[in-house]
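Rule-based calculations on the coordinates, nothing more; no lab input. Keep in mind it's a predicted model, so treat the numbers as computed, not measured. Quick reminder, even Gly has a Cβ in these numbers, built from the backbone with ideal geometry, and neighbours come from all protein chains shown.
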Number of protein chains: 4
Amino acid sequence: MSSSFGTIFKTTTFGESHGTGVGAVVDGCPAGVKISRDEIQAQLERRRPGQSRLTTPRKEGDQVEILSGLENGLTLGTPIALMVRNRNQKPGDYSQMSNIPRPSHADYSYRMKYGINSQSGGGRASARETLARVAAGSVAEQFLKSAFGVEIIAWVSQVGPVEMVLSDTEVENLSRSDVDATVVRCPDLQKAELMTAAIEKAATEKNSLGGVISCVCRRVPAGWGEPVFDKLDALLAYVMISIPAAKGFALGSGFNAATMTGSAHNDCFVKDGAKLKTKTNFSGGVQGGISNGQPINFSVAFKPVPTIGKPQKTADYDGCEVILEGKGRHDPCVLPRAVPIVEAMAALTLADLALRQQRSNL
Amino acid sequence: MSSSFGTIFKTTTFGESHGTGVGAVVDGCPAGVKISRDEIQAQLERRRPGQSRLTTPRKEGDQVEILSGLENGLTLGTPIALMVRNRNQKPGDYSQMSNIPRPSHADYSYRMKYGINSQSGGGRASARETLARVAAGSVAEQFLKSAFGVEIIAWVSQVGPVEMVLSDTEVENLSRSDVDATVVRCPDLQKAELMTAAIEKAATEKNSLGGVISCVCRRVPAGWGEPVFDKLDALLAYVMISIPAAKGFALGSGFNAATMTGSAHNDCFVKDGAKLKTKTNFSGGVQGGISNGQPINFSVAFKPVPTIGKPQKTADYDGCEVILEGKGRHDPCVLPRAVPIVEAMAALTLADLALRQQRSNL
Amino acid sequence: MSSSFGTIFKTTTFGESHGTGVGAVVDGCPAGVKISRDEIQAQLERRRPGQSRLTTPRKEGDQVEILSGLENGLTLGTPIALMVRNRNQKPGDYSQMSNIPRPSHADYSYRMKYGINSQSGGGRASARETLARVAAGSVAEQFLKSAFGVEIIAWVSQVGPVEMVLSDTEVENLSRSDVDATVVRCPDLQKAELMTAAIEKAATEKNSLGGVISCVCRRVPAGWGEPVFDKLDALLAYVMISIPAAKGFALGSGFNAATMTGSAHNDCFVKDGAKLKTKTNFSGGVQGGISNGQPINFSVAFKPVPTIGKPQKTADYDGCEVILEGKGRHDPCVLPRAVPIVEAMAALTLADLALRQQRSNL
Amino acid sequence: MSSSFGTIFKTTTFGESHGTGVGAVVDGCPAGVKISRDEIQAQLERRRPGQSRLTTPRKEGDQVEILSGLENGLTLGTPIALMVRNRNQKPGDYSQMSNIPRPSHADYSYRMKYGINSQSGGGRASARETLARVAAGSVAEQFLKSAFGVEIIAWVSQVGPVEMVLSDTEVENLSRSDVDATVVRCPDLQKAELMTAAIEKAATEKNSLGGVISCVCRRVPAGWGEPVFDKLDALLAYVMISIPAAKGFALGSGFNAATMTGSAHNDCFVKDGAKLKTKTNFSGGVQGGISNGQPINFSVAFKPVPTIGKPQKTADYDGCEVILEGKGRHDPCVLPRAVPIVEAMAALTLADLALRQQRSNL
């Protein structure tokens, strides 16, 4: 169960960071949908390590292989299996740590759970597992775009102390090329420079930085999401917090809602052609767990990468105090590379809810 | 699907706010667990409207009826069906609104989804549905307490602009009676008074207030939670955001993590008897989606109640501008009553993960 | 998990045979479907004990109560909770057996599973649980009939040694009133008399009889059922064998297929207006797990009721040999009363697959 | 959903018959279980076409590749991905049929479902998909054997008119090498010769034969299986009927139960050391859906292979009458090769129920 997500559009991921490869099986995508391998690959490139001076210098060259489910570029309605082989395996990098649970990593809790650890690397807790999500998410995104015109765009809105806010209009017009205009994937060029500087400073100090990614899903029809448990926003919270290092989720007004009054926060309606729209969008496009036709926007907070070069005083599994200095390859800030992961998880969520909604339209 | 939660310990809720009643079926609770109806009822009383001067004056007298699954106070291993009949039904209260979708309510999005609305009240989107969750959650909590000693305590940590912070030690020693010492369910007496004043002011102004509820789960063994998708923290995010009016979720450091460096945020280990513990708990008791034996703590942001007496300029379904003045019974601030709902959802999440963990201990 | 069935149209049952009541929660039925309580009740009457001289003389007077999900006779798209209270509780009837596991009952295996038994009656293994299935199944059937014109008719085709075969044409024209024309629910009047005589003879001998129920589902559109695992026929097998006392399932040619050659068994196609139909229907209306537009027909074998008045030499839980004489109320043959259960389970299966098929028609 | 099976021990299959490959992801296998690739391969060899003179002469050389989930031969508790690449692809073999739905194949119903067909071969309806099940089933079987000592043995008990019956004692002592002693996989040497002759006769006549496979699961502890829906026998019925060409399922006495009286059919108890056992086993090792500690035995009826060389008068998709002569490679009788498939599906069912039972043993 723990490696699958979705009720109708269902994704299962597999693979360890240092095994043969990682992959995903996407079951439940309708037949006859055009899927481009290039678009999948493009999202993988955005997640790839080594793509800029801000990320680790590994060149993984992650090439996606489509094992099943497509014929002549169209889905068959059968499971779409996707795989990326691991190439640049250097298990030795992590070997010194075998008896030391890395602080704020999953080493200790995994051992408590399974009584066994993958010998090297992070196993399933590794960020490399997210490759599979990005590949599957691209299939979902292509389906959503062709069937409903849905657009999903995420960007880095905070790195360490540097915050950036976009107006509703700016969010409405944002494109992926705006986001990719800077290596840090922040569409505000000035803030992007400050973020880049902050990351480079952290790298110099063998430290790391956290941040926030924001995301908008545009043109989602009203009516998606299920009442009570599988609310659109609850599922978004679930998938976003399932991304490694995520610590917080906020829809629309988020934690600011706590300080507002009802009269200020309520999104009143106005006529919009034959339909209604809301004057404001503090709800973030979701009311009662169901999309209301407005842009769905949310933010995800990420902690600083726990692998740092700076020495840390911690304990090994026997309780002996040790000084740990991370030597493995790692990013000082994962935010830029996490942008396509956030987009992928949003796409997987929306694709499933889109198909679950069909049933009400008999 | 949308009305069920859990893989092994599975809860299904039913009932509209103004129908015959609301209830829950809890399937998958192990046999032989002692369940007290009084404890279920006690949590319902904490959620009940009309319990203090801060809440709506309705006296629902919600009495839980146990329809199945228990014999002589012990679970049989069969589904435990719980029901609370609706008594104080006054559908007329809402009749004026039939052609006006209430701002920031689910009226509009439900109509877009189903093409039909429950004639009166909020249907499944009503806060009354949470009665079923509280009843089911109490069963989960009793199971967790007797089988593992787990303790779950939530409290109001913010109302409008009034914030309150507890130290780790204070959280460690917090009890439910500390929380219930004030009507606002904030264990800091001074802050509680400020919160109460803020709520009363909002009530006078026919307005409403949001806030934040914090929660700690103590004595959760290390090893609970699944990797990748059904992470403990991801499931908590999911169930918390599924509570009506929730807008944000934060585990441990939450959004503050965004501004911290790795060296400051990492929870280093120290010897703790035969085990390890962490010196700090920015992780909030969960690493890689799996409990690490430290207290699990998280916060949930709630928006201000959208039903307000203050006139609002909005539109009816035909797009005509109207002035809406809420006349139905409602709370100016739901936070105090939402405390047992947060506890219930945490309990349902942990009970399921506890049972899913059994399988690894062959 | 074990008390729920379905992916989109999902039914959860609850209730012990001798507790407060039994019931079902039907989640996922589309909004706006007309549901008649009388039709639910009518199917319960056909399942009811004491309805004829062939069944146990208990008068349970099972009246279904609809707790949620309907307003003005239409579904709201929310969970439909149905309950039948237990009235005629006589736990004493079973008390003598407390230390003796009844042969071919679930007493022994339940104790091995749970380490605890419901004090009286069969708990969840009791045939009374099927009440909940019949009520839920009637909702599914009404949905299928109004949305697709689907008709489901089951009948008793064998009791002990008395077998009855209908031609394809007879099956095509069969109605429920034909089935209900005899107390044994066999539409062949002569065979019905022989069956009745066989049951009466078994009753006189304090013994019991098994038999076979056959069922046809007409006007099921081609395309329902999922490939690989949730095949239409696999799900039918699953739900039918989940009925207490069921021992075998056969689709179309069933076990006779084993003795046939491919050229005899293949259902070749002929033109049928704008579509195709098959000349024969050995496939039973399902090919590759998916309906092909022909009538779906299948049979279910039931063992003789294990509760018999005839003395049996068996052992108590301590291994001591005992003579057991059943004194509880029981039927000598459950087949006539199981007809609506088979129909209900077929309806629940088809309703779910109908809704799962919607998603392919974007 | 349709490509996954299991609640805790969960298998997802993927792959078309003529695409890149077929495979399975097994999620939920406990950590630390020793898994031998050779044992997986051995079961694939038993399913392989071209293994004897009775089967099609293709040499697929299906080699399983383990993509994830194992390290040093032990499971990590993470998803185990298995793949077999397709090598001997000859799509041309099937090209003549593109406008003719093959009788009693899935061509027609798939087209009705999806509105699209895999261009060549049977897509997901192909028997080749069962490769993935056999590979996954072997993992389940190895887990069951090492953790519980469970043994699963299937054999061919009927081919066309040739039937074979084993006594309870013979079933108790049966081994896989007994089964594999003949190419037809019938452990009765004389009957095996008759079966072989019948198959060879069918081959000569360009026809095909059906049959029955029987199976026993030994040393299954009492207590496995869930009440109401996920009964052990109901799940077995489900997985067995999900095998291509399966038409009937019978547990223990099966359809014979219909002709027996209760006093003859009841399995009375006798002391067996510290436990009880039953004198007879008409129940087939399952009572009330839960294992009772006796051998679990069941039978599955298979129809004759629908692909035959003999000319058939049928219709193309346009309704025009055509004469179809199958030219593709095919077996005259699939029974011998289906033996490991039946074993695999039984293993997947039992592994899941074994892990679901853990939770009751707090």
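For this structure, a couple of remarks:
- Cross-link reach is defined here as a Cα-Cα straight distance under 18 Å, omitting same-chain residues fewer than 8 places apart; for residue C:275 the aspartates and glutamates meeting it are C:267, D:107, D:316, D:318, D:321.
- Legend: mean number of C-beta atoms from other chains within 10 angstrom of residue C-beta atoms, peptide A:176-187, equals 0.
- Candidates per GluC sites (Glu not before Pro) in the stretch B:283-362, loop by DSSP, up to 15 other Cβ within 10 Å: B:325
- For residue A:31, the residues whose amide H sits under 5 Å from its own are A:77, ignoring neighbours fewer than 5 places away on the same chain, with H placed 1.01 Å from N.
- Gyration tensor over alpha-carbon atoms, the protein assembly as shown, equivalent ellipsoid semi-axes in Å: 50, 38, 31
- Charge dipole of chain D about the Cα centre (unit charges at C-beta), most positive-ward option of D:245, D:326, D:177: D:326
- In order through the stretch D:210-218: 3J(HN,Hα) via Karplus (6.51 cos²θ - 1.76 cosθ + 1.60), integer Hz, x for Gly, Pro: x, x, 9, 10, 10, 8, 10, 10, 9
- Cross-link pairs beyond the 22 Å C-alpha cut-off, checked among A:231/B:313; C:145/C:247; C:231/D:303; C:113/D:271; A:231/A:303; A:313/B:277: A:231/B:313; C:145/C:247; A:231/A:303
- Whole-Å semi-axes of the stretch C:139-226's equivalent ellipsoid (Cα gyration tensor): 30, 13, 12
- Phi angles of the stretch B:262-271 translate, via the Karplus equation with coefficients 6.51, -1.76, 1.60 and θ = phi - 60°, into HN-Hα couplings of x, 5, 7, 8, 4, 8, 6, 8, 9, 4 Hz per residue; Gly and Pro are given as x.
- The H on the amide N of residue D:16, modeled in the peptide plane, is under 5 Å from the matching H of A:69, D:21, each at least 5 residues off or on a different chain.
- Separation of the residue D:256 and residue A:72 label points, Cα + 7 Å toward Cβ, nm: 5.3 nm
- Each stretch of four or more DSSP H residues adds -39500 (n - 2.57); spread over every residue of chain A, this sum gives -8500 deg cm²/dmol at 222 nm.
- Sequence-distant aspartates and glutamates (8 or more away, or on other chains) whose Cα lies within less than 13 Å of residue D:310: D:205, D:325
- Hull shadow area, averaged, chain B [alpha-carbon convex hull, nm²]: 19.5 nm²
- Long-range amide H partners of residue D:287 with built H, under 5 Å: D:292
- Placing dummy labels 7 Å off each Cα toward the beta-carbon, the span from residue A:147 to residue D:177 is 5.4 nm.
- Residue-by-residue Karplus 3J(HN,Hα) for the stretch A:299-313, coefficients 6.51, -1.76, 1.60, Hz, glycine and proline x: 10, 10, 8, 10, 6, x, 3, x, 7, 10, x, 4, x, 10, 8
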